[in-house]
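Chemist: One structure, pasted below without further comment.
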Amino acid sequence: MGNTTSIDNDLHEESNDKYFEIFSFIWLDENISNTRNAEEKLRCIINHLKKFKNVKQCQQYIEQRSQNERVILIVSDQFGLEIIPLIHHLRQLISIYVYCTDTRSNNEWTCKFTKIKGIVVGYDELVSKIQANYIIEKKIEEPLSISNVKNNEFLFFQVLIDYLLRMKLKQSDNDELINRLKHEYKGNPTELNHISEFQMKYSADKVFWWYTHQSFFSKTLNAVLHTQYIPMMFLFCTYISDIYDQLERYQSKRILKSYRSQLISKNELENLRQCLGQLISINSFFFTGNNIKYQVALLFSDVANNLEKILFEIIADPNIVTRKPFADIGRHTDESQVLFMIGSIFRLESMKCNHDRIWIIQMTLCGDDDLKEQFGNEKIDLTEIYFQHFLEEFSLNDPLYKDLAELGLQKDDYEKIGQWQEKQLTISNSNTNETNSSIANETIFPIKIGIQANHYLNPQWNGNYTYFNNINDKQYYWTTPIDRGSKPYYCPIGWKRLSINVANDAKEYDKRWGDWPIAYHGTLIENVLNILASGLRVSRNGCFYDDGIPRVCLSPSIEYCAHSRFAQPWNEIDKNGRTTWYQLVFQCRVNPNSIGCIASETVLPVEAQSIVRIDPNFKNSELEWIILGKNNDVEFLKDDIICYGIMIRASNVNPKYLSSSAWWKYSYGADVYNKEFD
């Protein structure tokens with residue numbers, strides 16, 4: 001039955017179950033029979049259910065569980081007498097249900113063990129008791145993942161979440177997530193129906209409903225965040241971003257006071273005590289409530305007496321928070337709840353134990369100023385603080401560098417991955433006392449577009465047409481056009497070229513493409529690796545030709561291709577707080593016989609076409625070159641268009657403010673561009 005596993009002789013082989021749900025069932029009984037219906041009902045509550053017929057094997061399995069997992073044991077009275085005294089003290093074991101034929105005969109011995117929540121004689125009663133208690137246990141027993149600001153994990157997790165929020169998944173990534181979920185919940189018809197409904201009906205504005213609804217989504221996402229299992233975090237990044245966006249949309253406008261009840265071990269309490277007066281990060285989504293009486297009642301709802309009762313009292317001021325939003329999402333749920341963004345940072349103000357033996361822990365939500373004060377820097381943004389502090393303070397052999405590098409390899413649009421790689425490189429050279437400061441400059445673009453991009457590049461032919469002289473490449477500059485394939489080639493002033501490896505030497509290059517004209521193609525950075533591997537993908541609709549005819553649009557003007565419609569700008573901030581803006585355009589050689597037509601630009605409205613000159617070197621009517629595919633089945637144009645350079649423009653101002661971009665304000669969507677790229 002899917003994830004219902006029976007083990008008789010061999011110990012369980014560890015799986016990835018812990019990455020899908022934190023809670024699990026263990027059923028120990030020598031004579032388990034006719035339980036299919038009960039198992040299906042139990043798996044609607046918690047998917048993972050494992051059956052044992054051997055006490056020793058069951059004991060070993062539970063003992064091997066992490067203390068951050070939550071195990072619910074169903075056991076026969078006969079086996080219960082033997083195993084419960086041996087495992088009752090384990091943190092990961094939170095509740096026990098004794099299944100028997102006579103409750104009276106078991107009352108005397110079971111009353112000695114506080115984790116026993118029920119003695120039952122029927123499966124329906126068993127399921128009913130478990131369901132009722134699980135609703136409470138999930139609220140107060142689900143572990144909190146907390147990092148102290150002084151620990152390595154604090155910075156790692158803050159950087160990780162920043163990156164995840166910037167990622168954009170492809171459809172294939174989402175398909176992989178759905179397939180993994182269907183495999184994990186195989187044999188669980190209720191959850192499989194939820195997954196199918198999610199696949200067909202999910203929308204970003206419904207993410208709160210899905211996250212607060214009792215289903216696979218919240219269970220799996222919480223487990224993935226708690227274990228910090230990066231491959232699954234990667235697959236969930238779209239939904240993490242959707243929650244972030246909705247929290248921003250419904251961000252509370254007033255100061256809120258909310259509460260959260262929690263059961264923790266004495267060791268966990270001591271760890272919190274060590275953080276008194278300091279900043280902590282809660283590395284999961286953090287639910288709190290406005291009703292203090294309800295939260296206190298949860299702590300006294302028949303819980304084990306070997307855990308500490310905690311009541312978090314939280315003050316959150318929206319006026320000081322800019323990076324991690326929070327909101328009252330009561331309108332989306334059955335109860336009033338305040339949800340804090342994953343990675344929210346709090347100052348642990350005080351701890352005291354009241355007369356009911358409840359530890360009252362007062363916390364204040366922190367803003368950027370608190371963090372900048374913590375790191376001793378008041379000028380630069382926090383992403384840069386995290387990044388630079390990590391590079392400067394952590395040892396070179398810290399395993400978190402490897403984690404971040406592996407994370408970067410999974411997507412090709414991460415910022416700063418070049419510097420993580422730079423840091424890693426120093427590990428292999430113990431004689432090098434300081435990192436070569438030029439490495440990041442030289443590798444930031446290949447790393448940013450994907451580590452694999454290095455395979456396609458040939459630095460021998462890099463070119464520098466920029467006003468910046470801090471990059472060790474050949475300097476090129478000319479004022480009159482050069483003839484290339486009977487078309488003018490103007491100096492791309494202000495740009496740097498990363499050369500693509502398309503020929504063994506200059507002689508071969510000139511022989512094959514020397515008489516082809518030069519043109520450009522603007523693109524987004526996330527498309528670069530695919531273009532390097534496959535060439536430019538054709539379009540089958542648009543201007544100038546009937547739909548269905550494959551074509552690629554190029555331009556002889558790099559300034560036209562640099563329009564933000566084609567080459568969207570991005571920025572990075574260095575350790576001194578300086579912002580640099582970048583754009584990316586492909587430089588190509590084009591088979592002149594493949595040029596179907598030369599046409600007018602497509603970004604100016606009619607009223608601007610007669611008064612705006614996009615590029616002084618070209619007429620507006622000759623800025624679009626339409627390159628046609630040789631047949632209707634073609635997907636990429638790799639033979640008639642040779643991409644031989646990645647052109648990068650760096651500027652200390654937003655590109656829209658460059659004199660060469662003055663015409664942008666007259667183009668379609670100028671109001672959108674002006675707002676979007678401030």
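Matching residues to (1) within 20 Å of Gln131 (Cα to Cα); (2) among the aliphatic types (A, V, I, L, M); (3) surrounded by fewer than 16 Cβ atoms within 10 Å (Cβ to Cβ):
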{"residue": "Asp175", "(1), (2), (3)": "no, no, yes"}
{"residue": "Leu192", "(1), (2), (3)": "yes, yes, no"}
{"residue": "Lys201", "(1), (2), (3)": "no, no, yes"}
{"residue": "Phe208", "(1), (2), (3)": "no, no, no"}
{"residue": "Thr220", "(1), (2), (3)": "yes, no, no"}
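Chemist: So which residues in the range 80-104 are surrounded by fewer than 19 Cβ atoms within 10 Å (Cβ to Cβ) and farther than 20 Å from Val55 by Cβ?
Modeler: Passing the criteria: Asp102, Thr103, Arg104.
Chemist: Further question on the same structure: Scan the range 517-529 residue by residue and report those that are outside any loop (DSSP other than H, G, I, E, B), of a type outside the set (Gly, Ala, Ser) and touching a residue at least 12 places away in the same chain (Cβ under 8 Å).
Modeler: Listed by number, the residues that qualify are Ile518, Tyr520, His521, Ile525, Glu526, Val528, Leu529.
Chemist: Going residue by residue through the range 166-180, is there one that turns out to be touching an Asp or Glu at 6+ places or on another chain (Cβ under 9 Å), modelled with pLDDT under 80 and part of a helix (DSSP H, G or I)?
Modeler: yes
Chemist: Would you call Lys253 surrounded by fewer than 20 Cβ atoms within 10 Å (Cβ to Cβ) and free of Cβ contacts under 8 Å to residues at least 60 places away in the same chain?
Modeler: No, not satisfied.
Chemist: Go through the range 582-591 and give me each residue that's surrounded by fewer than 22 Cβ atoms within 10 Å (Cβ to Cβ) and either within 25 Å of Ile493 (Cβ to Cβ) or at pLDDT below 90 (or both).
Modeler: Hit for the range 582-591 is Tyr582, nothing else.
Chemist: Mind checking which residues of the range 484-516 are closer than 22 Å to Leu532 by Cβ, part of a strand (DSSP E or B) and aromatic (Phe, Trp, Tyr)?
Modeler: Within the range 484-516, Trp495 is the sole residue that qualifies.
Chemist: Let me ask you something else. Taking the range 566-577 only, how many residues are farther than 18 Å from Leu498 by Cα and either over 26 Å from the mean Cα position of the chain (by Cα) or aliphatic (A, V, I, L, M) (or both)?
Modeler: Total meeting the criteria: 2.
Chemist: A further question on this structure: Need a quick list: strands (runs of 3 or more DSSP E) entirely within the range 264-357 having at least 3 residues that are closer than 30 Å to Ile96 by Cα.
Modeler: Here the list reads 286-289, 308-316.
Chemist: Being crowded, with 16+ Cβ neighbours inside 10 Å, under 30 Å from Leu272 (Cβ atoms), over 33 Å from the mean Cα position of the chain (by Cα) and β-branched (Val, Ile, Thr): is that true of Ile140 here?
Modeler: no
Chemist: Would you check if Phe20 is within 32 Å of the chain's Cα centre (by Cα), hydrophobic (A, V, I, L, M, F, W, C), at pLDDT below 90 and closer than 27 Å to Phe216 by Cα?
Modeler: yes
Chemist: Can you name the residue in the range 105-120 that is modelled with pLDDT under 90 and more than 20 Å from Leu90 (Cα to Cα) and, of all such residues, is surrounded by the most Cβ atoms within 10 Å (Cβ to Cβ)?
Modeler: Asn106
Chemist: Do we find that Gly494 is at pLDDT below 55 and buried (at least 19 other Cβ atoms within 10 Å of the Cβ) in this structure?
Modeler: Against the criterion (at pLDDT below 55 and buried (at least 19 other Cβ atoms within 10 Å of the Cβ)), Gly494 does not qualify.
Chemist: Further question on the same structure: Would you call Val653 at pLDDT below 85, of a type in the set (Val, Ile, Thr) and under 19 Å from Val585 (Cβ atoms)?
Modeler: It is true that Val653 is at pLDDT below 85, of a type in the set (Val, Ile, Thr) and under 19 Å from Val585 (Cβ atoms).
Chemist: Of the residues that sit in the range 156-187 and are in contact with a strand residue (DSSP E or B) (Cβ under 9 Å, 6 or more places away or on another chain) and of a type outside the set (Phe, Trp, Tyr), which one is farthest from Tyr229 (Cα to Cα)?
Modeler: Only one residue fits best here, namely Gly187.
Chemist: Tell me yes or no: at least one residue of the range 226-234 is over 25 Å from Lys50 (Cβ atoms), modelled with pLDDT under 90 and not in a helix (DSSP H, G or I).
Modeler: Within the range 226-234, none of the residues are over 25 Å from Lys50 (Cβ atoms), modelled with pLDDT under 90 and not in a helix (DSSP H, G or I).
The values are calculated or read from the model by the stated rules, or taken from the named source; none is laboratory data. All of these numbers come straight from a predicted model, not from anything done at the bench. Ideal geometry is used to build each Cβ from the backbone, glycine not excepted, and the neighbour counts take in all protein chains shown.
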